[in-house]
Amino acid sequence: MKISDKIDIWASRPVAVLGVSGTRALLGFVGLMFYVSQYGDRRYLFGPGNDTLLPYHLFLDELQDSGSLSVYAWSNSPVAFEVLFHLGLIAALAVTLGIGGRPVLALHAVLLWSLYQRQSALMDGGDNLMQLVVPMLLLTRCYDHFSLRSPLGQRVLQRVPMALRAVGAPLHNLGVIAIAVQMCMVYMVSGLYKVQGQAWQDGTALFYIMRVPEFELPGISHFVYNNDLLVYLGTYATVLFLVYFPMGVLVRSLRPWAAAASIGFHLSIGLFMGLTGFALTMIACDLVFLSPELSRALQAARKLSARRKERAAADGAGSSAAHHREPVAAASAD
């Protein structure tokens, strides 16, 4: 097959649609989880007053020094703060459920980033990746699955000219490639950065990480960092995994295994270190590499559900027939 033919096929057939849909839903859930977990203390953590964790005037100074932006800097009104915070919570819920399409996804990203800037002490690294990935995600068909579609949205989509729809497939694939390249860069740069550290070279980095009070899991962390073999294996396995992850992704047969290893790796980070938001953000982006496996899993789940419904219907029909036979048998006996 000619290269031009391969390009034509690639430009006309969207790839990893199920994977990016999962990425969108899980990123929305991460934002929703952040809003809900901080809801009770929202005024103290993010409020516009000077009696908050970060006084409002210091927040404005930080924004000016960093050159960043936040919609929470537009007004110091308590009413405006409550409106923005609850609007962000609703947007996060809508993204999770797949409501509103790309405009709501963009709104969610802006409001969540603004909230992170209001209290940067709560950032765990996942926020940076989310902001890098969302513009790429906006190019993709990330609302094709795991979404609640409205009749209005379907009617609007049908009115889009065919010529404009044809551009959607190559843009989608460019967005998927951009996310995949970004993830490979995150892993490789992180691994190469760790290789330069003395603690990672001599195999003791895990010992020091798990002794940090903020990252300690009572009982389990103590067992791990007191076991020399687990410390060495964990340290060197982490570096090898991060450096060679891009190679595993490039080989089609190794791709699902590399992604599954990454998911397991970040689940352990979420469990042992408590960095739940970061771990779920990384897992959300890893779903891009698992689209075929997700499709097969969904098909298997649908078949299993259909078999259960058929079995339940058959059992119901059998019991109904038996119920009707009982009066007939009684009448014959009389």
Practice item. Would you mind calculating the gained length between residue 312 and residue 227 on full extension (0.36 nm times residue separation, minus the Cα-Cα distance), in nm to one decimal? Key: 25.4 nm
Exercise for review: Find the Rg to Rh ratio for the chain, where Rh is the Kirkwood radius over alpha-carbon pairs and Rg uses the same atoms.
Suggested key: 1.09
Review point. About its Cα centre, what dipole magnitude does the chain give when the only charges are +1 on Lys and Arg Cβ and -1 on Asp and Glu Cβ, stated in debye to the nearest 20?
Key: 1600
Study note, to complete from the structure: Of 314, 109, 16, the most mobile residue in a GNM of the chain (C-alpha springs, cutoff 10 Å) is 314
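Every read-out reported here was derived from the displayed coordinates using simple, explicitly stated rules and does not represent laboratory data. Since we're looking at a predicted model, the values are computed, not measured. Ideal geometry is used to build each Cβ from the backbone, glycine not excepted, and the neighbour counts take in all protein chains shown.
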